[in-house]
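Engineer: Got a structure here, written out as structure tokens. Questions coming.
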Amino acid sequence: MVNDIIADSLTRLRNASMRRLEVTTLYYAKIVVSVLEVFKAKGFVKDYNVNNKDGKQSISVQLAYDDRGFPLINEIKRISKPGRRVYKGRNELKKFKNGYGTIVVSTSKGVIANEEAYIKNVGGEALCSIW
């Protein structure tokens, strides 16, 4: 069993992107679906589907590539870990990588991107960053 489901999902996405796979499979968790929703809204992932096979759920993720076939995910990192939680205030979430990157934040308003958290005037736990 995986202890950190978010870190495992990010590693699977990173590895599939480096190998230029079209689809990869992740373990199912509500938090992973929320993070994937942010990735889809920002264009790093084309689409995802929740599959139910023999009572076990998994997530199939279609990765996004540019016109030349290069992956849109340059770097993906886990920020807050189970042993060391990292919280960021509203002012720390203004921009990441000059607007090219995104920090996924778990707030009281749900799991959202850093720009949306700044607009909604909330801070929270910084889950991961992607650019």
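Engineer: If you line up the Cα atoms of segment 74-117 on their principal axes, what length do they span on each, largest first, in Å?
Structural biologist: Over segment 74-117, Cα extents along the principal axes are 29, 25, 16 Å.
Engineer: Within 10 Å of each candidate Cβ there may be at most 10 other Cβ atoms; applying that plus a DSSP loop requirement, which trypsin sites (Lys or Arg not before Pro) in segment 20-74 survive?
Structural biologist: R68
Engineer: To continue, here is another question. Need the full-extension length gain, S34 to E75, defined as separation in residues times 0.36 nm minus the C-alpha distance. One decimal, nm.
Structural biologist: In short, 12.8 nm is gained.
Engineer: Here is a further query. Over the chain, what is the relative contact order in percent, taking alpha-carbon pairs closer than 8 angstrom and at least six residues apart?
Structural biologist: Answer for the chain is 23 percent.
Engineer: On full extension of the chain, what length is gained from K95 through N121, given 0.36 nm per residue of separation minus the C-alpha to C-alpha distance?
Structural biologist: Working it through step by step, the gained length comes to 8.0 nm.
Engineer: Pulled fully out, how much extra length does the chain show between V50 and M18, if you take 0.36 nm times their separation in residues and subtract their Cα-Cα distance?
Structural biologist: This chain segment gains 9.2 nm when fully extended.
Engineer: Any chance you could look up the accessible area of Y65 with a 1.4 Å probe, heavy atoms only, rounded to 10 Å²?
Structural biologist: 50
Engineer: Would you kindly state the longest site-free stretch of the chain, with sites defined as GluC sites (Glu not before Pro) in a DSSP loop (not H, G, I, E, B) surrounded by at most 14 other Cβ atoms within 10 Å?
Structural biologist: 76-131
The values are calculated or read from the model by the stated rules, or taken from the named source; none is laboratory data. Treat the numbers as computed from the prediction; the structure is a model and nothing was measured. Cβ sites come from the backbone with ideal geometry, for glycine too, and all protein chains shown count toward neighbours. SASA here: full protein model, heavy atoms, side chains in, ligands and nucleic acids out. Shrake-Rupley method; radii C 1.70, N 1.55, O 1.52, S 1.80 Å.
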